[in-house]
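Peer 1: Please see the structure below; I have some questions.
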Amino acid sequence: MDTKNNARFARGSGCYTCRICKHLTRSTGGDEAGCLLCGLCFDICGLENQASDHGDPDGKLAAEISTLKALVDARAAKKEAKS
Ligand SMILES: [Zn+2]
């Protein structure tokens, strides 16, 4: 368990599993808990929406999305290694 991350979690909020990556997470007080997404997946969805609504001519959003997806994959791999 990464205790550094826990500091961001809102006190007393329930745990839930991210709908996309299945990461067990907790509300950090942002909007991501309302959609049952972890912070990373929530950010990815936001960027994907932005790209589909406004386009991504210079590929900046796509680059950011793949960076975030790599973080999700790395986190899943770390969890896999532990179990
Ligand atoms: Zn997630």
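Peer 1: Touching a helix residue (DSSP H, G or I) at 6+ places or on another chain (Cβ under 6 Å) and at pLDDT below 95: is that true of residue 27 in this structure?
Peer 2: yes
Peer 1: Looking at the stretch 29-38, is at least one residue under 11 Å from residue 72 (Cα atoms) and near the ligand (Cβ under 8 Å from one of its atoms)?
Peer 2: Yes: the stretch 29-38 contains one or more residues that are under 11 Å from residue 72 (Cα atoms) and near the ligand (Cβ under 8 Å from one of its atoms).
Peer 1: For the stretch 50-57, indicate whether the set of residues that are more than 13 Å from the ligand (Cβ to nearest atom), surrounded by 11 or more Cβ atoms within 10 Å (Cβ to Cβ) and in a helix (DSSP H, G or I) is non-empty.
Peer 2: yes
Peer 1: Within 12 Å of the ligand (Cβ to nearest atom), surrounded by 12 or more Cβ atoms within 10 Å (Cβ to Cβ) and in a helix (DSSP H, G or I): is that true of residue 71 in this structure?
Peer 2: yes
Peer 1: Name the single residue, out of those in the stretch 1-24 being more than 10 Å from the ligand (Cβ to nearest atom) and in contact with a helix residue (DSSP H, G or I) (Cβ under 8 Å, 6 or more places away or on another chain), that is modelled with the highest pLDDT.
Peer 2: 16
Peer 1: Do we have residue 76 as loosely packed, with under 13 Cβ neighbours inside 10 Å and of a type in the set (Gly, Ala, Ser) here?
Peer 2: Criteria not met by residue 76.
Peer 1: Name the one entry in 19, 26 that is touching a Cys at 6+ places or on another chain (Cβ under 6 Å), in contact (Cβ under 8 Å) with a residue 12 or more places away in the chain and over 18 Å from residue 66 (Cβ atoms).
Peer 2: 26
The values are calculated or read from the model by the stated rules, or taken from the named source; none is laboratory data. Just so it is clear, the model here is predicted, and its values are computed rather than measured. Quick reminder, even Gly has a Cβ in these numbers, built from the backbone with ideal geometry, and neighbours come from all protein chains shown.
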